[in-house]
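The structure appears right after this line, and notes come after that.
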Amino acid sequence: MSRLGFNLMDLEVLTSNAKQIQDDVLKEILTLNANTEYLQRFLNGSSDKELFKKNVPVVTYDDVKPYIERVANGEPSNIISGNSITGFFESSGTSGGKHKIFPMNNNYFENMMQHKALSSTIISRHLHGAKQGKEMMFCFTRPLVKTPSGLPVSGALSSFFKSEYFKNQPSTLYTSPIDVTLCTDNKQSMYCHILCGLVQRSEVTSISAIFASTLVQAINFLETHWKELCSNIQFGHVSEWITDDNCKEAVSLILAGPNPELANLIDYECDQKSWEGIITRLWPKAKFMGCIVTGSMVQYIPTLDFYSNKLPIFSMIYGSSETIFGINMDPSCKPHDVSYTCLPNMSYFEFKRVDEENNYEIVDLVDVKLGCCYELLVTNYYGLHRHRIGDILEVTGFYNSAPQFRFIRRKEMVLSIQTEITTEEHLLKAINDATLVLESSNLMLMDNTCYDDISTNPGHYVFYWELKPKNVNGVERDNEVLVKCCCVMEESLSRLYRVFRSKDGSIGPLEIRVVQQGTFDSLMYFFVSRGSSISQYKTPVCIKSSEALAVLEDNVVDRVFSDKCPSL
Ligand code: AMP
């Protein structure tokens, strides 16, 4: 089968032969890389699977960083990869707080195209006509940065959007011309994405971004810019501050002269007291939203539901800078139930058991067990071997012989004051429970993060919340609801947390610090200024960097504490 499988038949073949394909992938990678400086140490030129499992160590990024940096600094690719390394992907750096660069080549883009094609087919089968019309897709790129040896460094998605693979797709697929995506000033790019989407509103059948948070940002942006957007449509002129020439020219062509009628209609909808359902009011033919809503993105589901009158959300892809991993075969399932079916031709995958103490077993893809949790290890085509991505996944089923996984959490995301370990999963559950309390109020949680504050005695958990009233002229914030949220969150944390908090008193009351609107945008721009790519940006579930904390602290407008101890 060609590496560019495009249809459901290919998917059947891929998932029915997972074991054979995985073995072939490993063989291919080892044959290619056996003589690299890195593998030579462990395999002596062999491409034998058993020897690989026995001798090649499971590694973290820090273990391979020196090798990667040597290539970035101009030494030959074959230190780590048999294939030539044509550039590096920079991971978003927001989850682990560390910047990482990963070697890449075009094979990643081919996999991305294959994934796109398969997703499209799955969606069309599920929702008839969904892929007719145009997609309003919020995608962004960053200015080119180069390694000392002149190789390009960029986020995986940014590189993909700049690649010929993406550019060569028919221009009729998207509302935005490619120049809007290629404009590296993200504010100009966001403005133009929305403007093009509004002008072509009657053709828009889907609205998408890689992550749900980007769609929420787009709505916030629309809220602050709709008057200007309407004026641009009314007079057929793009605002002066859109200074990127290519972008301005391409968008002007789409504007195609004054359209006061459309401007009035948009003005009317945006001027309503409540923005409930604004997405479906502005884009009435939209059949679904496409974006990742699993993992740390679950927190944006209520907000998207509110703004879209519960338009279906399809969360299709699970991947990272190291590899693309899986696809959602059942877009109709509830966002909270999404599992990703592993695509066995993307990389060689291994799984390290995490839910049993002292179980260090590492198994192949087809040997994972239903209901068990594993840490994902990746061996890819560009020089990473048995690499710990840092994600924990749970096996939820099988599609043919390919296992399906639910994303559980990032491995290193923990808060701890005493010896309790609060994982990303605990935190997301706590937030989810708190948003149920918020539902009865006029407030929506737009974004949040947290940290363990040990500067107080006893130390305590601090959550930063950006809130927004559901109605434009919302009533004053009711702090009692927020106190209740603090209590509910404490109730949903682990038993050990509750013991330290209620029995020992060695953890202090949980605190919510309300920040002013726009704070999380500032946080994002802080990370973007540090090299994160806006398309890949995910608000960190918890913050470790003191500089990032300072951005939040500067914007705190209120503090609320839990007023009772959680039950034991
Ligand atoms: P990056 O390498 O910066 O693109 O970040 C990749 C990380 O994003 C993954 O390792 C996951 O932790 C997270 N991620 C990507 N896709 C998903 C998904 N569908 N659900 C949950 N988390 C995801």
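Quick grid of which residues meet (1) among the small types (Gly, Ala, Ser); (2) surrounded by 23 or more Cβ atoms within 10 Å (Cβ to Cβ); (3) modelled with pLDDT under 90:
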| position | (1), (2), (3) |
| --- | --- |
| Gly97 | yes, no, yes |
| Ala130 | yes, no, yes |
| Phe140 | no, yes, no |
| Val180 | no, yes, no |
| His193 | no, yes, no |
| Gly197 | yes, yes, no |
| Gln200 | no, no, no |
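Which count do you get for residues in the range 427-449 that are more than 16 Å from the ligand (Cβ to nearest atom), surrounded by 19 or more Cβ atoms within 10 Å (Cβ to Cβ) and not in a strand (DSSP E or B)? Don't jump to the end; show me each part of the working.
Taking the range 427-449 as the starting set, the residues that turn out to be more than 16 Å from the ligand (Cβ to nearest atom) are 430, 433-448.
Pick out the ones that are also surrounded by 19 or more Cβ atoms within 10 Å (Cβ to Cβ) and you get 430, 434-435, 438, 441, 443-448.
Remaining after also requiring not in a strand (DSSP E or B): 430, 434-435, 438, 441.
The qualifying residues number 5.
Among residues belonging to the range 256-268 that are assigned to a helix (DSSP H, G or I) and not charged (D, E, K, R), point out the one that is nearest to the ligand (Cβ to nearest atom).
Among them, the one singled out is Ile266.
I'd like to verify a number: residues in the range 221-249 that are within 18 Å of Leu265 (Cβ to Cβ) and either of a type in the set (Val, Ile, Thr) or touching a Cys at 6+ places or on another chain (Cβ under 9 Å) (or both), how many? Steps first, answer last, please.
To start, the set of residues in the range 221-249 that are within 18 Å of Leu265 (Cβ to Cβ) comprises 222-223, 225-236.
Restricting the remaining residues to those that are either of a type in the set (Val, Ile, Thr) or touching a Cys at 6+ places or on another chain (Cβ under 9 Å) (or both) gives 222-223, 226-227, 229-230, 233.
Summing the residues that are within 18 Å of Leu265 (Cβ to Cβ) and either of a type in the set (Val, Ile, Thr) or touching a Cys at 6+ places or on another chain (Cβ under 9 Å) (or both) in the range 221-249 gives 7.
So, restricting to strands (runs of 3 or more DSSP E) that lie completely within the range 57-159, which ones have at least 1 residues that are among the aliphatic types (A, V, I, L, M)?
Working: elements: 87-90, 101-104, 134-138, 152-154.
By residue number, 101-104, 134-138, 152-154.
Does Ser252 meet the test of being assigned to a strand (DSSP E or B), of a type outside the set (A, V, I, L, M, F, W, C), modelled with pLDDT of 95 or more and not assigned by TED's automatic domain parsing to the domain that holds Asp521?
On the way: assigned to a strand (DSSP E or B): no; of a type outside the set (A, V, I, L, M, F, W, C): yes; modelled with pLDDT of 95 or more: yes; not assigned by TED's automatic domain parsing to the domain that holds Asp521: yes.
Spelling it out, it is not the case that Ser252 is assigned to a strand (DSSP E or B), of a type outside the set (A, V, I, L, M, F, W, C), modelled with pLDDT of 95 or more and not assigned by TED's automatic domain parsing to the domain that holds Asp521.
What number of residues within the range 293-308 satisfy the criterion of being within 14 Å of the chain's Cα centre (by Cα) and more than 10 Å from the ligand (Cβ to nearest atom)? Break it down into steps so the answer makes sense when it comes.
Applying the first criterion (within 14 Å of the chain's Cα centre (by Cα)) to the range 293-308 yields 293-301.
Imposing the further condition that a residue be more than 10 Å from the ligand (Cβ to nearest atom) reduces the set to 299-301.
Final tally of qualifying residues: 3.
Which pairs do you get when a residue that is more than 13 Å from Ser308 (Cβ to Cβ) and in the same structural domain as Gly133 (by TED's automatic domain parsing), found in the range 203-214, comes within reach of a residue that is away from the ligand (no atom under 14 Å from the Cβ) and of a type in the set (Ser, Thr, Tyr), reach meaning Cβ atoms under 8 angstrom, with the pair 6+ apart or on two chains?
Taking only residues 6 or more apart or on different chains, the pairs are Glu203/Thr175.
Kindly indicate whether any position in the range 127-139 is of a type in the set (Asp, Glu), under 30 Å from Asn73 (Cα atoms) and more than 15 Å from the ligand (Cβ to nearest atom).
Within the range 127-139, not a single residue is of a type in the set (Asp, Glu), under 30 Å from Asn73 (Cα atoms) and more than 15 Å from the ligand (Cβ to nearest atom).
When you go through Val354, Val366 one by one, which is the residue that is among the aliphatic types (A, V, I, L, M), surrounded by fewer than 22 Cβ atoms within 10 Å (Cβ to Cβ), modelled with pLDDT under 95 and not assigned by TED's automatic domain parsing to the domain that holds Phe211?
Details: Val366 fails: modelled with pLDDT under 95.
The conditions single out Val354.
Residue by residue through the range 523-568, note down the ones that are under 18 Å from the mean Cα position of the chain (by Cα) and small (Gly, Ala, Ser).
Once the filter is applied, which keeps residues that are under 18 Å from the mean Cα position of the chain (by Cα) and small (Gly, Ala, Ser), the range 523-568 yields Gly531, Ser532, Ser533, Ser535.
Within the range 327-349, does at least one residue satisfy the condition of being farther than 12 Å from Gly397 by Cα, in the same structural domain as Val25 (by TED's automatic domain parsing), touching a Cys at 6+ places or on another chain (Cβ under 7 Å) and within 16 Å of the ligand (Cβ to nearest atom)?
yes
One residue is enough: does the range 225-232 have a residue meeting the conditions under 30 Å from Gly319 (Cβ atoms) and without any contact (Cβ under 8 Å) to a residue 60 or more places away in the chain? Break it down into steps so the answer makes sense when it comes.
Here is the first cut: in the range 225-232, the residues under 30 Å from Gly319 (Cβ atoms) are none.
Scanning the range 225-232, I find no residue that is under 30 Å from Gly319 (Cβ atoms) and without any contact (Cβ under 8 Å) to a residue 60 or more places away in the chain, so the answer is no.
Restricting to the range 309-326, name every residue that is more than 10 Å from the ligand (Cβ to nearest atom) and either touching a residue at least 24 places away in the same chain (Cβ under 8 Å) or in contact with a His (Cβ under 7 Å, 6 or more places away or on another chain) (or both). So that I can check it myself, show each step before the final result.
Let us first name the residues in the range 309-326 that are more than 10 Å from the ligand (Cβ to nearest atom), namely 309-314.
Asn309, Leu311, Pro312, Ile313, Phe314 - these are the residues of the range 309-326 that are more than 10 Å from the ligand (Cβ to nearest atom) and either touching a residue at least 24 places away in the same chain (Cβ under 8 Å) or in contact with a His (Cβ under 7 Å, 6 or more places away or on another chain) (or both).
Against the definition (β-branched (Val, Ile, Thr), away from the ligand (no atom under 14 Å from the Cβ) and surrounded by fewer than 22 Cβ atoms within 10 Å (Cβ to Cβ)), how does Val378 come out, yes or no? Can you show your working first?
Details: β-branched (Val, Ile, Thr): yes; away from the ligand (no atom under 14 Å from the Cβ): no; surrounded by fewer than 22 Cβ atoms within 10 Å (Cβ to Cβ): yes.
Spelling it out, it is not the case that Val378 is β-branched (Val, Ile, Thr), away from the ligand (no atom under 14 Å from the Cβ) and surrounded by fewer than 22 Cβ atoms within 10 Å (Cβ to Cβ).
Return the residues of the range 176-230 that are out of contact with any strand residue (DSSP E or B) (no Cβ under 9 Å at 6 or more places or on another chain) and among the aromatic types (Phe, Trp, Tyr); say none if nothing qualifies.
Selection gives Tyr191, Phe221, Trp226.
The values are calculated or read from the model by the stated rules, or taken from the named source; none is laboratory data. What you see is a predicted model, and the numbers here were worked out from it, not measured in a lab. Here the Cβ is made from the backbone with ideal geometry for all residues, glycine too, and neighbour counts use every protein chain on show.
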